[in-house]
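Data block below; observations after.
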Amino acid sequence: MTTNHEPYGRYVPAGSAASGPYALDIDPRRAGWSHSSLRVLELPPGGTHELAAGDSEWIVLPLTGGCTVGTQGKLFELRGRESVFSGVTDFAYVPRDAHAQIASGAGGRFALAGAKCERRLPARYGPAPEVPVELRGAGGCSRQVNNFGAAGVFACDRLIAVEVITPGGNWSSYPPHKHDEYRPGVESELEEIYYFEIDGDGLGYHRVSPSRPGGTDVLAEVRTGDTVLIPDGWHGPSIASPGRDMYYLNVMAGPGESREWLISDHPDHGWIRDTWPGLAVDPRLPLYEAGAEPEGTPAEPGAAATAATTAGDAPAPASGAGAAAGAEEDSR
């Protein structure tokens, strides 16, 4: 178990960044950057956890199982899912400077995606049927993106988070792209975390190549629980081995005034986009629909919990959300 606060390397093997109840605990200090965080909370049956948000906003996202999230006088019941490969999940938003109690009657694993921020938005519930599920790329670059926390979809101050599922044998995060410098209307400056799960006992590969002298350079075999930290660089492809679907959770945040995801493609590989209009999307996708009942839906987290509806203002598109959505359509 890692308990010191020294920065981790860019490839973080499963278990090497565990701390207390967290199977993974990445915060800005340990990542060596300023905004993005990710924790994976493991709760036994009947377990509870107290989350102090501090100076960050958080999304509680079930990976396996369901839970309740109590914060700011509200109690959100998250139905969750059997696994990241079985369906879209509901989620809860916890604002900065808040305290939250996460409880699970049956136990489970829950991602806590965070970003250091300034504004304090209201605590809210994110229903699974309202998560936009998109199919991106074509042919061997086909993938599915669950845009639960994308800019322009769900209101946050700085946090951007999405899930990507790549069918076995396909490539995603392709063409390689970057978002490590602020160029108005062209590119955002965002730190990014990739957290991986692989179906069965599978493996995959992930590449980050330098975009500047001395920049991030990673070629990693990834398995369930592995993480890659990307402060800079061309990232992609993420490669799923044949017969084993790949899942990754992307968590992003940065110092820009606008919450938007604008990218630059690698100049040697962007041509691949021009081939997609003539190709069909992989017929294995979508793996599931947002409104579909997840396979093996977990039991309700607790009879005493009260299902919550969205509280506060409706999510508003961030500045530049149209441009961000256009970039996301083919690149994640």
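Laboratory data are not the source of any read-out in this text; all were calculated from the coordinates shown. For clarity, every value in this text was computed on a predicted model and none was experimentally measured. Neighbour counts run over all protein chains shown; Cβ positions are idealised from the backbone, glycine included.
For this structure, a couple of remarks:
- A Gaussian network model of the chain, with springs between Cα atoms under 10 Å, assigns the largest mean-square fluctuation among Arg79, Arg273, Arg124 to Arg273.
- Gyration tensor verdict on region 140-248 (Cα atoms; rounded if a/c is under 1.5, prolate if a/b is larger than b/c, oblate otherwise): oblate
- Each peptide in 94-103, 231-240 gets a packing score, the mean of other Cβ atoms within 10 Å over its residues, and the list from highest to lowest is 231-240, 94-103.
- Taking a ≥ b ≥ c as the square roots of the eigenvalues of the Cα gyration tensor, region 201-259 is oblate, since a/c reaches 1.5 or more and a/b is not larger than b/c.
- Virtual spin-label span in nm between Leu219 and Leu135, 7 Å along Cα→Cβ: 3.3 nm
- Between Ser34 and Arg119, the simple label model (points 7 Å from Cα in the Cβ direction) yields a spacing of 1.9 nm.
- For region 228-263, the residues whose amide N sits under 14 Å from a probe point set 7 Å from the Cα of Leu279 along the beta carbon direction are 237-240.
- Shown is the FRET efficiency for Glu289 and Arg212, computed with R0 = 35 Å from the Cβ-Cβ distance and rounded to the nearest 0.05: 0.30.
- Of Pro175, Pro286, Pro62, the one that fluctuates the most in a GNM where the chain has Cα springs shorter than 10 Å: Pro286
- Cα centroid separation - region 30-103 against region 213-286, whole Å: 24 Å
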